[in-house]
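The block underneath contains the structure these notes are about, expressed in structure tokens.
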Amino acid sequence: MEAPGPLRAVRSWEEVAPDRSADDAVLEAMLLTVGEQGYAKATVREVAERAGITQDRFHRRFGSKEACFAQAYAAAAERLAGEMVEASREAGGWREGFRAALAELLRFVAEQPLSARALLLEVRAARGDAWATHQQIVERVTAALDTAREQPGARPGASPMTAGFIAGAIEESLSIELAAGRAEAVPFLLDDLTRLAFLQLFGEE
């Protein structure tokens, strides 16, 4: 039996038992920095400074900018999705629920434009695991929209492609406004986007 090798020196207690409660601050800093600078220009140094940690700690906890952004994207997107689902449930029927969930999304974009830019625009530049998560969320949103075909008054010609078209139209509309620096005006799209969706799904405005 071989003797055990020497123990590696531990440089700090944080290395052994990191303060994971601080991770949220780093993930938030990643979203804000990417939203502000763009994914390509955002650096680990800027994120670390914004979060109040060292670059060394950043790399020990997250490994790379890509991995950190993917984790930040997944956490923020799931949180937003949960808020939209909750708004929908509290609203009542399908139509009311759709409008409430959409209003929650538009509110998020208007109130948190940097995070919204990271989630809707810069994820396209990041690709990787963040983009894969984005695609999964789009599929979930499309599936939720497609349940409209089970509702009274649904258009006979509506299909899963209809739901996909609506999800894509909403995302593209928000992306255009964000790219143009008009995030504060996004809530005013509620009526038009609701009308678009209901026209496609129910043949009504």
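Sub-9 Å Cβ pairs linking a first residue in the stretch 54-67 that is under 19 Å from Val123 (Cβ atoms) to a second residue that is loosely packed, with under 15 Cβ neighbours inside 10 Å, at least 6 apart or interchain, are Lys65/Thr43; Glu66/Arg127; Glu66/Gly128; Ala67/Gly128, ordered by first then second residue.
Among the residues of the stretch 63-93, those that are more than 14 Å from Leu31 (Cα to Cα) and in contact with a helix residue (DSSP H, G or I) (Cβ under 6 Å, 6 or more places away or on another chain) comprise Glu83, Met84, Ala87, Ser88, Ala91. Flag set for Leu114, criterion: among the aliphatic types (A, V, I, L, M), closer than 18 Å to Glu171 by Cβ, touching a residue at least 24 places away in the same chain (Cβ under 8 Å) and in contact with a Gly (Cβ under 7 Å, 6 or more places away or on another chain).
Evaluate the following for Glu139: is it under 17 Å from the mean Cα position of the chain (by Cα) and surrounded by fewer than 18 Cβ atoms within 10 Å (Cβ to Cβ)? So Glu139 passes the test.
As a summary of the residue check, Ala72 satisfies the conditions (1) at pLDDT 95 or above; (2) open to solvent by 50 Å² or more (accessible area, probe 1.4 Å) except for the one numbered (2).
Taking the stretch 47-69 as the range and being assigned to a helix (DSSP H, G or I), open to solvent by 50 Å² or more (accessible area, probe 1.4 Å) and more than 30 Å from Ala143 (Cα to Cα) as the test, the residues that pass are Glu49, Arg50, Gln55, Asp56, His59, Arg60, Arg61.
At least 3 residues that are out of contact with any strand residue (DSSP E or B) (no Cβ under 6 Å at 6 or more places or on another chain) and over 27 Å from Phe202 (Cβ atoms) in each: list the helices (runs of 4 or more DSSP H) lying fully within the stretch 97-185 that qualify. Break it down into steps so the answer makes sense when it comes.
On the way: elements: 113-117, 123-126, 128-146, 160-179.
Here the list reads 113-117, 123-126, 128-146.
The values are calculated or read from the model by the stated rules, or taken from the named source; none is laboratory data. Model, not experiment: these values are computed from the prediction. Every residue, glycine among them, receives a Cβ derived from its backbone with ideal geometry; neighbour counts consider all protein chains shown. Please note that ligands, DNA and RNA were not included when accessible areas were found on the heavy atoms of the full protein model with its side chains. Shrake-Rupley method; radii C 1.70, N 1.55, O 1.52, S 1.80 Å.
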